[in-house]
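Asks: Below are the structure tokens for one structure; questions will follow.
Coordinate-derived values only; no laboratory data. Predicted, not measured: the structure shown is a model, and the values here were computed from it. Here the Cβ is made from the backbone with ideal geometry for all residues, glycine too, and neighbour counts use every protein chain on show.
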Amino acid sequence: MAIGVFDSGVGGLTVHRTLVERFPTADFVYLADQARAPYGGRAGEEIVDLTRAGCERLFEAGANVVVLACNTASAVALRRLQQTWLPGYRKQLGRPVNVLGIIVPTIEAATGLPWEHEAERRGDKIEKLDVIGVFCTVATAGSRVYEIEIDKRRQDLAVFSEACSGLAGMIEQGASREDLRALIQSHADALKTRIGRWPDRAILGCTHYEIVADLFREVLPPGTPLIGQPEAVADALSRYFERHPEYGPGQGGARRFLTTGLPGHQSGLVETFWGEAVKFEAA
């Protein structure tokens, strides 16, 4: 048995690396759907279908838990898959399997509250709002998942999402840091204009963006906290395994990297982030 990690491309490696550090003896299988990346501009039904196919491939490869290390897939597809596909698929496989997302742990980290918490609606005026900026894909911004779910839990938090069209694709293709910084700067400035000031905190709501987190830190005011999705997901998965020991992730320390795209080594940008060469095999 293994932990499966799924993303449209290489962005999920940011979560994968943190999970490997947290569970060093666990077996892992990573799948990048690079033949169809990025997902951010695709239609909802297509995202659901592609995410389901990726999960099936990881379960076939021995995973019993799949982490959707992709905000777009988590925002658009996760609930549908959990409610309408997984129950029947478990019966078909004859073993326990599950699919978990990245957004719930991120919202728990942003609000400091468990997912089950819902705020009481207050009629009195809130004196000071803590503003969170979310840099994300077009599909994630369109879902408004961060605005809706954070508002359910904290009325003193205001959320503004900035759809960074094209950024995930540029990172996937190994664009230059100069070009990436220019695009990130333009989106940071656009977010500031919409809010009327800089956000107090920011969420990098696409795991690709974690690869260039240093560039976001450069364009945002010094000291602006970035809410880290990889750490939040690792914390949540630790708690999940404590509650569900039947999903134990193996103890062999195996590492496999699969891609629907061209197998082989990844871009220099990815290898610099990972710390060594990353070689994918054909899915």
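Asks: What are the extents of the Cα atoms of the stretch 111-227 along their three principal axes, listed from largest to smallest and rounded to whole Å?
Replies: Projected onto the principal axes, the Cα atoms of the stretch 111-227 cover 49, 26, 21 Å.
Asks: Could I ask something else about it? Once R0 is set to 35 Å, what does the formula 1/(1 + (r/R0)^6) return for the Cβ-Cβ distance between residue 129 and residue 282, expressed as a FRET efficiency to the nearest 0.05?
Replies: Using R0 = 35 Å, I get an efficiency of 0.10.
Asks: Return a single number: how many Lys pairs in the chain, at a sequence separation of 8 or more or on separate chains, have alpha-carbon atoms below 25 angstrom apart. Don't jump to the answer; show the numbers that get you there.
Replies: Details: 125/152; 125/192; 128/152; 128/192; 152/192.
Total qualifying Lys-Lys pairs in the chain comes to 5.
Asks: Contour minus end-to-end for residue 49 and residue 274, with contour as 0.36 nm per residue of separation and end-to-end as the Cα-Cα distance? Could the numbers behind the result be given before it?
Replies: On the way: separation 225, 0.36 × 225 = 81.00 nm, distance 2.91 nm.
Once the chain is fully extended between residue 49 and residue 274, it gains 78.1 nm.
Asks: Oh, and also: Suppose R0 equals 30 Å. What FRET efficiency, 1/(1 + (r/R0)^6) with r the Cβ-Cβ distance, do residue 218 and residue 194 give to the nearest 0.05?
Replies: With a Förster radius of 30 Å, E is 0.90.
Asks: Grab the Cα-Cα distance for residue 116 and residue 243, subtract it from 0.36 nm times how many residues apart they are, and report the gain in nm with one decimal.
Replies: So the extension gain works out to 44.1 nm.
Asks: Another question, then. Under the rule of -39500 (n - 2.57) per DSSP H run of 4 or more residues, summed and divided by the residues of the chain, what mean residue ellipticity at 222 nm is obtained, to the nearest 500 deg cm²/dmol?
Replies: The per-residue figure over the chain is -12500 deg cm²/dmol.
Asks: Can you list the residues of the stretch 191-229 with backbone N under 17 Å from a point 7 Å past the Cα of residue 181, pointing along Cα to Cβ?
Replies: 211-223
Asks: Taking the dipole about the Cα centre of the stretch 69-217, with the C-beta of Lys and Arg at +1 and of Asp and Glu at -1, give me whichever of 97, 170, 196 is farthest to the positive side.
Replies: 97
Asks: Mind listing the long-range amide H neighbours of residue 258? Cut-off is under 5 Å, sequence gap 5 or more, other chains count too, H placed in the peptide plane at 1.01 Å from N.
Replies: Amide H neighbours of residue 258: 30, 31, 32, 281.
Asks: Rounded to the nearest 20 Debye, what is the dipole magnitude of the chain about its Cα centre when Lys and Arg each give +1 and Asp and Glu each give -1 at the C-beta?
Replies: Dipole magnitude for the chain comes out near 420 debye.
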